1. If we scan the stretch 120-141, do we find a residue that is assigned to a helix (DSSP H, G or I), without any contact (Cβ under 8 Å) to a residue 12 or more places away in the chain and under 30 Å from Thr391 (Cα atoms)?
2. Say whether the condition of being of a type in the set (Ser, Thr, Tyr) and out of contact with any Phe, Trp or Tyr (no Cβ under 9 Å at 6 or more places or on another chain) is met by at least one residue in the stretch 486-494.
3. Name the single residue that is surrounded by the most Cβ atoms within 10 Å (Cβ to Cβ) among those in the stretch 466-516 being part of a strand (DSSP E or B) and out of contact with any strand residue (DSSP E or B) (no Cβ under 6 Å at 6 or more places or on another chain).
4. Select from the stretch 142-167 the residues that are basic (Lys, Arg) and open to solvent by 10 Å² or more (accessible area, probe 1.4 Å) and list them in ascending order.
5. What are the residues in the stretch 323-371 that are crowded, with 19+ Cβ neighbours inside 10 Å, more than 21 Å from Thr56 (Cα to Cα) and among the charged types (D, E, K, R), if any?
6. Quick one: is Arg176 at pLDDT 90 or above, among the basic types (Lys, Arg) and farther than 26 Å from Gly52 by Cα?
7. For the stretch 1-79, which fully contained helices (runs of 4 or more DSSP H) count at least 1 residues that are under 22 Å from the mean Cα position of the chain (by Cα) and touching a residue at least 24 places away in the same chain (Cβ under 8 Å)?
8. Given the residues Arg204, Arg218, which is the only one that is under 26 Å from Gly99 (Cα atoms), in the same structural domain as Gln274 (by TED's automatic domain parsing) and basic (Lys, Arg)?
Amino acid sequence: MKIVTVRRISQIFFFVLFVWFCIVSTVGEKFWQIRAWPVNWFLQLDPLVAIGTILTTHTLYMPLLWALATVILTIVFGRFFCGWVCPFGSIHHFVGFLGNRRIKTAEKIRLNRYRKAQRVKYFILIVFLFMAAFPSIDATLQVGLLDPISLVSRSFNLLLLPIVDKSINFISVSARFYEGAWLILAVFFVAILLNFVIPRFYCRFICPLGALFAILGRFAIWRIGKNKSECINCKLCEQSCEGGCEPAGKIRISECVLCFNCRQDCPYDIISYQNKSSLDGEITNPDISRRGFVLSLVGGIVAVPAIRLSGKLAGNWYHGIIRPPGALPEEEFLKRCIKCGQCMRICPTNVIQPGGIDGGLENLWTPVLNNRIGSSGCQLNCVACGQVCPTSAIRPITLDEKKGVGEFAEVGPIKLGTAFIDRNRCLPWAMDKPCIVCEENCPVSPKAIYTQEIFETIREGILTISKVSGNVIEVQETIMPERFASGDYYCVLDGQRRKIKANTEDAIEISFDEDIEKIPAAGTKIEVQVRLQRPYIDIEKCIGCGVCEHECPVSGKKAIRVSAEGETRNSDRKLLLKS
């Protein structure tokens, strides 16, 4: 079997495995649901994620030790991950093949030549690494913006799978929605479509992980090279070169992605995979100029203070950033989150959403709770998001810790924020309309939302009696039929309040247990009052789960909204002083 065929089988296998891991990132017990599938394995193999978290936190999360295997294998075999394993790289490879399969050989050779602009990916890598490393007190992990595994995971989890599953609902019970998916769509498809301009455009010019592998690959023991000196420089070996490594001349080892196309295309069997240097010479070092390195270094150091000038981690923090349960304090969270979308994919209620830039650039694509989307707020009996986070930006917690019971009883439940009632929009407060939806749906026991009863005379609620027959009071005014039939309306007669059972256009029926002892004369005035149960928030009991906000019947801007004030993870955002 040809080595290129083996490589294609490997690409297909790992791509299918990646898609399968995306599919099974679903809460449930069936074989196609989460169970014990290693859904983070590709992210754990990513050394850029591991190095980034080491630089920001000075620790290594144990599952990321898988990345060490990738590093060792790269030093032995070269950039095997790019050409044989990476699912995003396989997509680029396939699309580039489709876009250029019918062009002439000379044009293929021109398209696949090396370009100076391929050094840009090294500058991107340097910027990201120095943002993570300096200064350590303000470090931030932003590799997830362009890291290929984070990018393709985010694109499949939050874009492609929801689109495919929307009509069949095989993966999820109901359609999934993700705010700002258009930006994820734009980044993903622009990266794919650029393959029609230059094959593997993203891999050659942008990919920071590819740049890291290129630096490691220069030390590779096994490498592509010429084993004979009889080369006639036909350059057929360059017509399908996926990395632009120029195998016809001095091969650029750092750019070779081990596609082995050159070995297959060479008609003279001059190119081989060997553990010695190419006979025609090699260029081992990445094409990084001293000036470019210095500028990238300075850019990385300056970038963090620049993006934090808005004070989003200080007094100007954005109240709308509500993190999932178990999320680390904000500064520590931003040192770990790689924007992969795993927590958003696993969330059974679809409440975890990709963040926008309203909380600063660092917030982009990080997980935030949007209680208007999905089937509910954050469910009290769910801790799935922390179980799949590959870097422990959302640490794994137990249900006891989330609820504040058992050994966590003294500490109390995890608070995501606090609900606030907008009395200008709340039906009982602003419009004298009965509603206790938020109180009914509050999952906390005892409830964090309680009500106080009050009776208010409704507008045009003064009616004139024309006749009384048993429990039926006929009035002179015209009433909308069944307007008072909800059980929340009362008739005030002779200073006594009686519940209204039903009404017609010109009559009110009182409940049978509310007999009228003294028949009033015609012309007597009565009042129709509504019983209102106006909600209040007990901020000591509210955990900010957002169920109340999700269920609030006021569409548009909800009448009860959760804000990050009072969240457990940041002590400086407490609402109450300790008593």
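1. Within the stretch 120-141, one or more residues are assigned to a helix (DSSP H, G or I), without any contact (Cβ under 8 Å) to a residue 12 or more places away in the chain and under 30 Å from Thr391 (Cα atoms).
2. Among the residues of the stretch 486-494, at least one is of a type in the set (Ser, Thr, Tyr) and out of contact with any Phe, Trp or Tyr (no Cβ under 9 Å at 6 or more places or on another chain), which makes the answer yes.
3. Asn503
4. Residue satisfying the conditions is Lys166 alone.
5. Listed by number, the list holds a single entry, Arg345.
6. Yes; evaluated as a whole, the condition is true for this residue.
7. Output list reads 3-23, 41-44, 47-57.
8. Just a single option satisfies the conditions, and that option is Arg204.
The values are calculated or read from the model by the stated rules, or taken from the named source; none is laboratory data. Please read all numbers here as calculations on a predicted model, not as lab measurements. Cβ sites come from the backbone with ideal geometry, for glycine too, and all protein chains shown count toward neighbours. To get the accessible areas, we keep the full protein, side chains included, count just its heavy atoms, and leave off ligands, DNA and RNA. Shrake-Rupley method; radii C 1.70, N 1.55, O 1.52, S 1.80 Å.
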